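No lab work stands behind these numbers, since they all come straight from the coordinates. What you are looking at is a predicted structure, and each value in this text was computed from that prediction instead of being measured. Here Cβ is always computed from backbone atoms with ideal geometry, including for glycine, and neighbour counts include all displayed protein chains.
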Amino acid sequence: MLTQSNLAEQSFEFSPIQAVPMAPGYGKSSQTAYKQTAVETATPEKLVVMLYNGALRFLHKGEKGLLAGNYEEANEALSRALDIVVELNATLNMEAGDIAGNLRDLYNFYTREILAANIKRDAAYLKPVIDFFAEFTQVWSSVS
């Protein structure tokens, strides 16, 4: 089981996440520029926290959409959450040991749960995913 204490003991290396350049001719708002700078200058641990927070935000929005019967909103939000989980999974350094393998298994499970929630239009599938990201956001925040 992953805990704050054994997470803090692990050495993590993440594959770099590439920023997508803005198309020429498009201006950035100050908020967009701030967000891009925050991502580009963040430590790998801070990036994980940012991704976990984003996943949580989209999971909650997807859950709200499902419960309200707004399936278009739910699909869009759950697709965004799924993109984040896939990115987290893809950037794991599998040479980091058992913890990386455990995270891979969790990310794969949560990918299936998000897909099931979206396909079956059932918010109940999101509970374990939301619980995980809520708990591990706090864990990662304390070690970053």
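Working out 0.36 nm times the residue gap between S141 and N89, then minus their Cα-Cα distance, what length gain in nm do you get to one decimal? If you can, show how the numbers build up before the last one.
On the way: separation 52, 0.36 × 52 = 18.72 nm, distance 1.87 nm.
Once the chain is fully extended between S141 and N89, it gains 16.8 nm.
Computed from label points 7 Å out along Cα-Cβ, the spacing between R57 and I99 is 2.6 nm.
Give, in nm to one decimal, the length gained when the segment between I119 and E45 is fully stretched (0.36 nm per residue of separation minus the Cα-Cα distance).
Values: separation 74, 0.36 × 74 = 26.64 nm, distance 3.21 nm.
Result for the pair: 23.4 nm of gain on full extension.
A Cβ-based charge dipole, computed about the Cα centre of region 49-144 with Lys and Arg at +1 and Asp and Glu at -1, lands at about 240 debye.
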